[in-house]
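Novice: Dropping a structure here in structure tokens format, bear with me for questions.
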Amino acid sequence: MSVRERLSALGIEIPPPAEPKGAYFPSRLVGDQLWISGTTSRRPTEPGAFGTVGEDVTPEQAQKHAGYAALNLIAAVDAAVGLEAVRGLVHLRGYVRASPHFDSHPAVIDGASRMLMDVFGEQRGAHARTAVGVASLPGGACVELELVASVRP
């Protein structure tokens, strides 16, 4: 099944790719690796979840927004090389803005991992991952993600 067919079956529309909010590029192709810059859960119709997980954002809300941020990564991949060019996802890095006592960062980033595996399938969507907690993120976001994908030249 193609990635577009998976998206259609899941009832998911890819948002337009996010515009950079600084002096950087949304993606960088180096050899067969596509590096996608960090993105949050902002969407065309809503700014995304703001706040601190474990204080004013629940882990469940943050997990949902990690899925939205993953859709923004997918949009960046599509804009850079097209979805069918992806041979496999290499690494997902997730940052969770969390209270000092919160320790379930991997559970939050599971929202992104599930979205990526649903969209790309188990073979292409499987990835190595890091999930870390941080004191702040751009714009007060609760989740930010980065992605490295292996693509066809």
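Novice: Hey, can you tell me all the residues within the range 24-59 that are touching a Pro at 6+ places or on another chain (Cβ under 7 Å) and loosely packed, with under 15 Cβ neighbours inside 10 Å?
Specialist: Matches in the range 24-59: Asp32, Pro44.
Novice: Of the numbered conditions (1) farther than 20 Å from Ser27 by Cβ; (2) open to solvent by 50 Å² or more (accessible area, probe 1.4 Å); (3) out of contact with any strand residue (DSSP E or B) (no Cβ under 6 Å at 6 or more places or on another chain); (4) at pLDDT 95 or above, Pro106 satisfies every one except a single condition; which is it?
Specialist: Of the numbered conditions (1) farther than 20 Å from Ser27 by Cβ; (2) open to solvent by 50 Å² or more (accessible area, probe 1.4 Å); (3) out of contact with any strand residue (DSSP E or B) (no Cβ under 6 Å at 6 or more places or on another chain); (4) at pLDDT 95 or above, the odd one out for Pro106 is (3).
Novice: For Arg4, indicate whether it is among the basic types (Lys, Arg), under 22 Å from Gln123 (Cβ atoms) and in contact with an Asp or Glu (Cβ under 7 Å, 6 or more places away or on another chain). Walk me through how you get there before you give the answer.
Specialist: Working: among the basic types (Lys, Arg): yes; under 22 Å from Gln123 (Cβ atoms): yes; in contact with an Asp or Glu (Cβ under 7 Å, 6 or more places away or on another chain): no.
Against the criterion (among the basic types (Lys, Arg), under 22 Å from Gln123 (Cβ atoms) and in contact with an Asp or Glu (Cβ under 7 Å, 6 or more places away or on another chain)), Arg4 does not qualify.
Novice: What tally of residues in the range 102-131 results from selecting those that are free of Cβ contacts under 8 Å to residues at least 24 places away in the same chain and aliphatic (A, V, I, L, M)?
Specialist: 1
Novice: Answer yes or no as to whether Val90 is touching a residue at least 60 places away in the same chain (Cβ under 8 Å), among the aliphatic types (A, V, I, L, M), open to solvent by 50 Å² or more (accessible area, probe 1.4 Å) and within 18 Å of Trp35 (Cα to Cα).
Specialist: Here the answer is yes, as Val90 does meet what is asked.
Novice: Do we have Val96 as touching a strand residue (DSSP E or B) at 6+ places or on another chain (Cβ under 8 Å), closer than 23 Å to Pro20 by Cβ and in contact (Cβ under 8 Å) with a residue 60 or more places away in the chain here?
Specialist: Working: touching a strand residue (DSSP E or B) at 6+ places or on another chain (Cβ under 8 Å): yes; closer than 23 Å to Pro20 by Cβ: yes; in contact (Cβ under 8 Å) with a residue 60 or more places away in the chain: no.
Considered against the rule, which asks whether it is touching a strand residue (DSSP E or B) at 6+ places or on another chain (Cβ under 8 Å), closer than 23 Å to Pro20 by Cβ and in contact (Cβ under 8 Å) with a residue 60 or more places away in the chain, Val96 comes out as no.
Novice: Pairs needed: first member in the range 35-51, at positive phi; second member anywhere, surrounded by 19 or more Cβ atoms within 10 Å (Cβ to Cβ) and aliphatic (A, V, I, L, M); C-beta distance under 9 Å; at least 6 residues apart or different chains.
Specialist: Gly48/Ala69; Gly48/Ala141; Gly48/Val143; Gly51/Val57; Gly51/Ala62; Gly51/Ala141
The values are calculated or read from the model by the stated rules, or taken from the named source; none is laboratory data. Source: prediction; values computed, not measured. Note that we place each Cβ from the backbone using ideal geometry, even for glycine, and neighbour counts take in every protein chain shown. Only protein heavy atoms, including side chains, enter the accessible area calculation; ligands, DNA and RNA are left aside. Shrake-Rupley method; radii C 1.70, N 1.55, O 1.52, S 1.80 Å.
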